[in-house]
Amino acid sequence: MRSYLIRHAVALTRPGWGPSDELRPLDERGLRQAELLVGQRDWTGVGAVLTSPALRCRETVRPLAERLGLHVTDEPVLAEGADPSRVLALIEAAPADTVLCTHGDVIPEVVRLLHLRGAELPATRRWQKGSTWVIVHDGERFVQARYTAPPDRASHDL
């Protein structure tokens, strides 16, 4: 089973945003990243799209969910400041390939836990806005995690 852990695309800056940070949207570049994400890979087999309740995360995966004919489901476990072990438990419990969108503070900790659990990881670890970690679980354990650069960059896997 594959899980696609996506860091939300580029959003308006925190200092320039007045209302609740949960309502901070993507900027123009981020909206473009969200659209390009749809064609970045073959998403066949994805059965669910889960996201942090933050607007910028929902906006990141909305075009992909629409293309797949799936609903975007808010998942508080993916919120900023989330416990990475709960994120991994969510991934393990998924019944099908799943897209999950979260934040830049969560992904490094999830990747660290994957390493501690013995998953094969690239030597260089990144989590740019709009990037994806493809996490492979064989039904018993996490086997591998691979990084894919944001779709508006030179897309390459490390």
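Going through (1) within 19 Å of S131 (Cα to Cα); (2) in contact with a His (Cβ under 7 Å, 6 or more places away or on another chain) one by one, L12 falls short only on (2).
Working only within the range 69-106, note down all residues that are touching a residue at least 40 places away in the same chain (Cβ under 8 Å), surrounded by fewer than 16 Cβ atoms within 10 Å (Cβ to Cβ) and of a type in the set (D, E). Residue satisfying the conditions is E92 alone. Of a type outside the set (D, E), closer than 15 Å to L100 by Cβ and free of Cβ contacts under 8 Å to residues at least 40 places away in the same chain - does that describe any residue in the range 13-21? No.
Go through the range 23-35 and give me each residue that's of a type outside the set (K, R) and either surrounded by 17 or more Cβ atoms within 10 Å (Cβ to Cβ) or assigned to a loop (DSSP other than H, G, I, E, B) (or both). Spell out the reasoning first.
Residues of the range 23-35 of a type outside the set (K, R): 23, 25-28, 30-31, 33-35.
Once the filter is applied, which keeps residues that are of a type outside the set (K, R) and either surrounded by 17 or more Cβ atoms within 10 Å (Cβ to Cβ) or assigned to a loop (DSSP other than H, G, I, E, B) (or both), the range 23-35 yields P25, L26, D27, G30, L31, Q33, A34.
Residue-wise test of (1) outside any helix (DSSP H, G or I); (2) under 15 Å from the mean Cα position of the chain (by Cα); (3) surrounded by fewer than 20 Cβ atoms within 10 Å (Cβ to Cβ); (4) of a type in the set (S, T, Y).
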residue	(1), (2), (3), (4)
P19	yes, no, yes, no
G39	yes, no, yes, no
P53	yes, yes, yes, no
E66	no, no, yes, no
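Output the residue which, of all residues in the range 111-139 that are in a strand (DSSP E or B) and more than 15 Å from the chain's Cα centre (by Cα), is surrounded by the fewest Cβ atoms within 10 Å (Cβ to Cβ).
Residues of the range 111-139 that are in a strand (DSSP E or B), as a first pass: 120, 132-137.
With the extra rule that they be more than 15 Å from the chain's Cα centre (by Cα), the set shrinks to 120, 137.
Numbers: E120: 12, H137: 19.
Selected residue: E120.
No lab work stands behind these numbers, since they all come straight from the coordinates. What you see is a predicted model, and the numbers here were worked out from it, not measured in a lab. Every residue, glycine among them, receives a Cβ derived from its backbone with ideal geometry; neighbour counts consider all protein chains shown.
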